[in-house]
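Everything below concerns the one structure shown next.
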């Protein structure tokens, strides 16, 4: 995720279980991040899988959620099998293969204390991982039991 200098100035660095996180504390700041940067990334991911982002129920629910920073158990996070089993329609590259490569890179950086990561993003009702598959799988592989997460709860509008 690419975040500009203005965004970084609003964040705090927190440590949890030897991992450093760059976090937003304010619900409105989290909402803005989710609905700009994370949304843009998710739209690109859906398009690479040959799916229309405008038809994606989860993506369309993001602005209708109340977001907050929480500590969550890694084992309570549910993964989306459609994402895990997906492939890039242009290259044929499997998501799981690319995830393994990225996980090795991130683990090396975290163990060497060269990385500060963002919280994962969860939809509260299903505890479904919306963003952060590499971060989640790396922490799981490292035996880290909990992580910071931006958790979005559906609200009526």
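Things worth noting here:
- Failed condition for residue 145, given (1) within 16 Å of the chain's Cα centre (by Cα); (2) modelled with pLDDT of 95 or more; (3) within 18 Å of residue 20 (Cα to Cα): (1)
- Summed over the stretch 80-132, the residues that are in contact with a helix residue (DSSP H, G or I) (Cβ under 8 Å, 6 or more places away or on another chain), modelled with pLDDT of 90 or more and within 16 Å of residue 58 (Cα to Cα) give a count of 8.
- Verdict on residue 25 being touching a helix residue (DSSP H, G or I) at 6+ places or on another chain (Cβ under 9 Å) and either under 20 Å from residue 122 (Cβ atoms) or outside any helix (DSSP H, G or I) (or both): no
- Verdict on residue 79 being under 14 Å from the mean Cα position of the chain (by Cα) and farther than 16 Å from residue 136 by Cβ: no
- Search result, residues across the stretch 133-157 that are in a helix (DSSP H, G or I), touching a residue at least 60 places away in the same chain (Cβ under 8 Å) and more than 19 Å from residue 59 (Cβ to Cβ): 139, 140
- Residue 42 under 30 Å from residue 94 (Cα atoms), free of Cβ contacts under 8 Å to residues at least 40 places away in the same chain and in contact with a helix residue (DSSP H, G or I) (Cβ under 6 Å, 6 or more places away or on another chain): no
- Helices (runs of 4 or more DSSP H) contained entirely in the stretch 47-112, each with at least 1 residues that are closer than 19 Å to residue 35 by Cα and out of contact with any strand residue (DSSP E or B) (no Cβ under 8 Å at 6 or more places or on another chain): 57-61
- Those residues of the stretch 42-65 which are surrounded by 14 or more Cβ atoms within 10 Å (Cβ to Cβ) and within 22 Å of residue 25 (Cα to Cα), in sequence order: 61, 62, 65
The values are calculated or read from the model by the stated rules, or taken from the named source; none is laboratory data. A quick note: this is a predicted structure, and the numbers were derived from the prediction, not measured. Glycine also receives a Cβ, built like all others from the backbone with ideal geometry; neighbour counts cover every protein chain displayed.
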